[in-house]
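The values are calculated or read from the model by the stated rules, or taken from the named source; none is laboratory data. Values in this document were obtained by computation on a predicted structure and should not be read as measured data. Because the Cβ atoms are built from the backbone with ideal geometry, glycine has one as well, and the counts that use them run over all protein chains shown. Heads up: the accessible areas ignore ligands, DNA and RNA and are worked out on the full protein's heavy atoms, side chains in. Shrake-Rupley method; radii C 1.70, N 1.55, O 1.52, S 1.80 Å.
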Amino acid sequence: MEDIFQKIYSPKVLKHMKNPKNMGKIADANAQSLVGNPHCGDVMKLYLKIIKNGGQEYIKDIKFQTLGCGAAIATSSMITTLVKGKRLDEAEKVTEKAIAEALGGLPPIKFHCSVLSAEALKKAIADYRSGK
Amino acid sequence: MKLVYLDNAATTRVDPQVFRTMRPYFTQKYGNPSEVHSLGRQAKEAVEKSREQVAGMLGCKNAEVIFTGSATESINLSHKGLIEALLPQFQNGRRPHIITSTVEHKAVLETCAHLETLGRAKVTYLQVDKYGMVSIYDVRKEVRPETVLVSVMYVNNEVGTIQPVSQIGRLLKAINHERTHNKPHIYFHTDATQAVQYLDCGADKLGVDLLSFTGHKIYAPKGVGALFVKTGTPLIRQLDGGDQERKLRSGTENVPYIVALGKAVELSQKSKIKRQKEMERLRDKLIKGVLEIPGVSLTGHPKIRAPHLASFIVEGVEGEALQLLLSDKKVIVSTGSACTSQSLTPSHVLSAVGIPAELAHGSLRVSLGKDTTEEEIGYTLKVLREATEKLREMAPDLSELRGAFATI
C-alpha cells in the first residue's frame with residue numbers, strides 16, 4: 001500500500017525523519033541555541049563545536065535535539081548535514097530555501113520548519129560570537 | 001505483519017458483503033426509483049428495503065428515515081431546515097435559540113455558526129468537563145423561552161466519551177411537557193455517527209427528534225448518510241428540486257449507496273452486544289498497555305466511552321511524527337496534533353477538555369474495527385513504545401524546556 005506520507009513528504013524528508021543525522025548533544029559545545037516554542041509544537045535545540053584553524057573558523061561538530069513534526073525533524077537533520085565541517089562564514093549563508101531544496105522540497109504548510117532551523121543556526125552562531 | 005488499520009473512527013473499509021449487495025445496482029439494476037417501469041420499481045424497492053433496515057435499527061417508522069449524502073449533509077438539513085421552518089414564529093427581533101456543545105463535530109459547530117452569521121439563530125455552546133462530557137444540569141440551565149433545538153453528539157469522535165443523550169432526551173421531554181402554548185417546542189438532535197454500530201440507537205429510548213449518521217464509519221462506502229426525522233418535526237428542505245425523500249431531499253436517490261447503507265446497518269445490528277463486549281476487551285487491553293508507557297495519559301472518560309475508541313496524550317512527542325513512524329511500521333492511527341491540520345491549530349475538542357496546546361501536539365487516537373485482532377493490538381503496543389522512545393530520544397530534555405519556557 002502506498003503510504004500517505006509519501007504524498008505529503010519527499011523521499012528525502014522521510015529518510016531524514018526516520019534516520020536523522022547528528023542527533024543528540026555535544027558535551028563541550030561552545031555555541032548553543034534554542035528556538036521555537038512548545039506551544040506551537042516545534043522546539044529545536046542546536047549544539048555547535050566551533051574551532052579555529054589557520055585563521056578561519058570552522059563548524060567541527062553540530063548536533064540537534066528536536067521536538068516536532070516530521071518536517072521539523074528532517075530540517076534539523078538536514079541543516080546539520082549541510083553545515084558540518086563548513087567554514088562559519090559559509091555556514092551562515094545557508095538559507096531556509098537551501099534547506100528545503102536539499103530535502104527535495106517541503107509542503108507549503110511546513111515551510112516554517114525550514115525557517116526555524118535556519119533561525120536556530122543563526123542564533124547559535126550569534127551565541128558563539130557574543131561569548132568570544 | 002500486514003497493515004494494521006486502527007483509524008476506524010475516520011473511516012472503515014467497505015465490507016465485502018456490503019459491496020456484493022450494492023454492486024448489481026450499478027450495471028444491472030440501474031433504474032431511477034422515480035420511474036414506474038420495471039427497472040424503476042426495482043430500484044425503488046431496493047431503496048425502501050434499505051429504509052426499512054435503517055428504521056429497524058432506530059425503532060422508527062420507515063417514513064421517518066431520509067437518505068442524504070453524508071452525516072454532514074444530514075446535520076445541515078436538520079439544523080438549517082428546522083430553524084428555517086420555525087423562523088416565522090419569531091418576530092420583533094427575537095431569534096430561535098440553539099444549545100449545543102463545544103466538542104461537537106465541525107458539521108454541527110459550523111452549521112450553528114452559519115445560522116448565527118445569518119442572524120437566524122442564537123447559539124449557546126455548552127462547556128464540557130475534563131472527560132469531554134456535557135452536563136444535563138447545564139442543558140437545563142441554558143434553556144430559554146426561545147430555545148428550539150438542542151444538539152448533542154452521542155459519542156465524541158476524538159476522545160470517545162459517550163454523552164448522556166437519553167438523559168437529555170428525558171429532560172427535554174419534561175421541559176416540553178411543562179411548556180405553555182406561547183413557548184416553542186424544543187427539538188432534540190444527536191449526531192450518532194460514532195455510535196450506531198455499538199450503542200443502542202432506539203430513537204424513542206434516546207428521546208430524539210433528529211438523528212444523523214453516515215455509512216462510511218460502518219463499512220458502507222463514503223457518500224451516503226441518513227437523517228431520522230420524527231413525525232411532526234418541522235423541516236424545510238435545503239436542496240430544491242424533485243420530490244424525492246418525502247420532498248425533504250431533492251435529487252435522484254444514490255441507489256447503490258443507499259442499498260449499501262441498509263446492508264451495513266443490518267450487519268452492524270447482528271450480535272451487536274457480543275461484538276461490543278469483545279471490542280471493549282481489546283480496547284481495554286490496548287489502553288492498559290499504552291498507559292504502561294511513561295508520560296502517557298488517557299483522554300476522554302475512563303469508563304463511559306465507545307467500545308472502539310482509545311485516545312491518549314503522549315508527552316514529549318509530536319503527534320504527526322509519531323503517526324509517521326507508526327505508519328512506517330504499518331500501523332495506521334490518527335492524531336489531533338496541529339501539525340497535521342491545514343490551519344496548524346490544535347483540535348478544538350482537546351482544547352475544550354482543557355488540554356494545553358503544548359500537550360495536544362502529542363495526541364494519539366486509536367480506533368478499532370470489527371476485524372481488529374488481539375495480535376494486532378500486541379504488535380501496536382510494541383511499535384508504539386519503540387516509536388515513542390525514539391522520538392523522545394530525539395527531543396530536547398523536557399525538564400530543561402520547562403526552565404526556558406514559562407508556559408509549561
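So here's what we get for this one:
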read-out: Yes/no for B:SER297 being within 23 Å of B:ASN157 (Cα to Cα) and crowded, with 18+ Cβ neighbours inside 10 Å; value: no
read-out: Filter result for B:ILE304 (within 30 Å of B:HIS361 (Cβ to Cβ), open to solvent by 60 Å² or more (accessible area, probe 1.4 Å), among the hydrophobic types (A, V, I, L, M, F, W, C) and not assigned by TED's automatic domain parsing to the domain that holds B:PRO164); value: yes
read-out: Residue check, B:SER337 within 14 Å of chain A (Cβ to nearest Cβ), under 20 Å from the mean Cα position of the chain (by Cα), of a type in the set (S, T, N, Q) and open to solvent by less than 10 Å² (accessible area, probe 1.4 Å); value: yes
read-out: Residue check, B:PRO96 within 20 Å of B:ARG144 (Cβ to Cβ) and surrounded by fewer than 14 Cβ atoms within 10 Å (Cβ to Cβ); value: no
read-out: Every pair of residues 6+ apart whose Cβ atoms lie under 8 Å, when the first sits in region B:136-158 and is assigned to a loop (DSSP other than H, G, I, E, B) while the second is open to solvent by 50 Å² or more (accessible area, probe 1.4 Å) and not β-branched (Val, Ile, Thr); value: B:PRO145/B:LYS183; B:GLU146/B:ARG94; B:GLU146/B:ARG95; B:GLU146/B:LYS122; B:MET153/B:HIS105; B:ASN157/B:HIS105
read-out: Sole exception among (1) buried (at least 17 other Cβ atoms within 10 Å of the Cβ); (2) at pLDDT 95 or above for B:GLN167, by number; value: (1)
read-out: Flag for A:TYR128 being aromatic (Phe, Trp, Tyr) and open to solvent by less than 30 Å² (accessible area, probe 1.4 Å); value: yes
read-out: Pair list, Cβ under 8 Å, 6 or more apart: region B:353-365 residue more than 9 Å from every other protein chain (Cβ to nearest Cβ), other residue among the aromatic types (Phe, Trp, Tyr) and open to solvent by 10 Å² or more (accessible area, probe 1.4 Å); value: B:VAL353/B:TYR131
read-out: Answer residue from region A:11-68, given it is of a type in the set (Asp, Glu) and more than 9 Å from chain B (Cβ to nearest Cβ) and is nearest to B:MET394 (Cα to Cα) among those; value: A:ASP61
read-out: In region A:33-56, residue surrounded by the most Cβ atoms within 10 Å (Cβ to Cβ) [restricted to those that are farther than 16 Å from B:ALA321 by Cα and hydrophobic (A, V, I, L, M, F, W, C)]; value: A:LEU46
read-out: Subset of region A:57-97 [closer than 30 Å to B:SER327 by Cβ and open to solvent by 40 Å² or more (accessible area, probe 1.4 Å)]; value: A:LYS63, A:THR81, A:LEU82, A:LYS84, A:GLU96, A:LYS97
read-out: Residue identified as in the same structural domain as B:GLU64 (by TED's automatic domain parsing) and not in a helix (DSSP H, G or I) among B:LYS205, B:LYS222; value: B:LYS222
read-out: Per-region count, region B:115-130, residues open to solvent by 70 Å² or more (accessible area, probe 1.4 Å) and of a type outside the set (D, E, K, R); value: 4
read-out: Qualifying residue in region B:142-156 (condition: open to solvent by 10 Å² or more (accessible area, probe 1.4 Å), of a type outside the set (Val, Ile, Thr), modelled with pLDDT of 95 or more and closer than 15 Å to B:ALA107 by Cβ); value: yes
read-out: When residues of region B:313-324 are limited to those that are surrounded by fewer than 23 Cβ atoms within 10 Å (Cβ to Cβ) and more than 7 Å from chain A (Cβ to nearest Cβ), the one modelled with the lowest pLDDT; value: B:GLU315
read-out: Residues located in region B:1-23, provided they are open to solvent by less than 30 Å² (accessible area, probe 1.4 Å) and over 18 Å from B:THR214 (Cα atoms); value: B:VAL4, B:LEU6
read-out: Residue match in region B:178-191 (condition: under 30 Å from B:THR12 (Cα atoms) and in a helix (DSSP H, G or I)); value: no
read-out: Selection count, region A:97-113, where residues are within 14 Å of chain B (Cβ to nearest Cβ) and closer than 24 Å to A:ILE26 by Cα; value: 1
read-out: B:GLN238 part of a loop (DSSP other than H, G, I, E, B) and modelled with pLDDT under 95; value: no
